[in-house]
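The values are calculated or read from the model by the stated rules, or taken from the named source; none is laboratory data. Quick caveat, the model's predicted, so the values are computed rather than measured. Positions of Cβ are generated from backbone atoms using ideal geometry, with glycine treated the same way; all protein chains shown enter the neighbour counts.
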Amino acid sequence: MIGKLKGTIDEIGDDHVVVDVHGVGYVAHCSARTLSRIGSAGEAVVLFIETYVREDQLRLFGFLSALEREWFRLLQSVQGVGSKVALAVLSILTPGELANAIALQDKTAVSRAPGVGPKVAIRIMTELKNKAPAFAGEAAGNIGFKQELGEGLASGPVTDAVSALTNLGYSRDQAANAVAAALKNGGEGADSAKLIRLGLKELSK
């Protein structure tokens, strides 16, 4: 079982990279996001690997972080999500963004991935909502707050402020981050107008 590759980039394809490890070229299938950040031919690279062994083939999937690999595994635990769809989701959302989208129950963000319709997006959010906090990575700070928003448990002023900022064109994740910061500055008893004002101040930084 291959868990990690450390070598030199030999070539980069549309959906894969060939990593030269001491003269042996390993083909690792990657998300578009990973391929865009991996570097160029001839450069050193380290990939975390998920190995799939089937009767007729052996496939390697490569990731720049162990957390991204964990999300690849998590996504495939959802009914109807295979490796192709999992890579598509990770092509448009970082692990932190995905954890946030699930916490906020933001099916629009998840369904931006090719091959992910509203039904699959809802299944991903429903089946992974209890697991997302443990794999939030850099997004862990506000994940509890965002789960309250996603589950409709947040207070009226908070919900109204997030809705108002979203209507101004900010993503639900940006709006939630801004309101979370506004709550720290304005206090738990702040009304929606104050949260909106402080939230806009945060977004303008």
Check: When Gly115 is evaluated against the numbered criteria (1) at pLDDT 85 or above; (2) closer than 22 Å to Leu67 by Cβ; (3) not aliphatic (A, V, I, L, M), which criterion, by number, is the only one it fails?
Finding: (2)
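Within region 110-122, identify whether any single residue is within 20 Å of Val162 (Cα to Cα) and in contact (Cβ under 8 Å) with a residue 12 or more places away in the chain, and answer yes or no. Steps first, please.
Just the residues of region 110-122 that are within 20 Å of Val162 (Cα to Cα), to begin with: 110.
Narrowing the set further to residues that are in contact (Cβ under 8 Å) with a residue 12 or more places away in the chain leaves 110.
Yes, that holds for at least one residue.
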Next item on the list: Would you be able to say whether some residue in region 17-30 is free of Cβ contacts under 8 Å to residues at least 24 places away in the same chain, surrounded by 17 or more Cβ atoms within 10 Å (Cβ to Cβ) and farther than 28 Å from Ile124 by Cα?
Entry: yes
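Filter region 146-172 down to residues that are among the acidic types (Asp, Glu) and modelled with pLDDT under 80, then give me how many there are.
First, the residues of region 146-172 that are among the acidic types (Asp, Glu): 148, 151, 160.
Add one more test, that the residue is modelled with pLDDT under 80, and what stays is 148, 151.
Summing the residues that are among the acidic types (Asp, Glu) and modelled with pLDDT under 80 in region 146-172 gives 2.
Restricting region 28-41 to residues that are within 16 Å of Gln76 (Cβ to Cβ) and part of a loop (DSSP other than H, G, I, E, B), which is farthest from the chain's Cα centre (by Cα)? If you could, list the steps in order and put the result at the bottom.
Taking region 28-41 first, the residues within 16 Å of Gln76 (Cβ to Cβ) are 29-31.
When the remaining residues are screened for being part of a loop (DSSP other than H, G, I, E, B), the result is 30-31.
Values: Cys30: 15, Ser31: 12 Å.
Of everything passing the filter in region 28-41, Cys30 is farthest from the chain's Cα centre (by Cα).
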Notebook entry, point to check: What pairs can you find where one residue is in region 191-202 and at negative phi and small (Gly, Ala, Ser), the other is surrounded by fewer than 17 Cβ atoms within 10 Å (Cβ to Cβ) and at pLDDT 80 or above, and their Cβ atoms are less than 8 Å apart, with a gap of 6+ or different chains?
Noted result: none
Margin query: Restricting to region 42-62, name every residue that is loosely packed, with under 14 Cβ neighbours inside 10 Å, free of Cβ contacts under 8 Å to residues at least 40 places away in the same chain and in a strand (DSSP E or B).
Written below: Ala44, Tyr52, Val53, Leu58
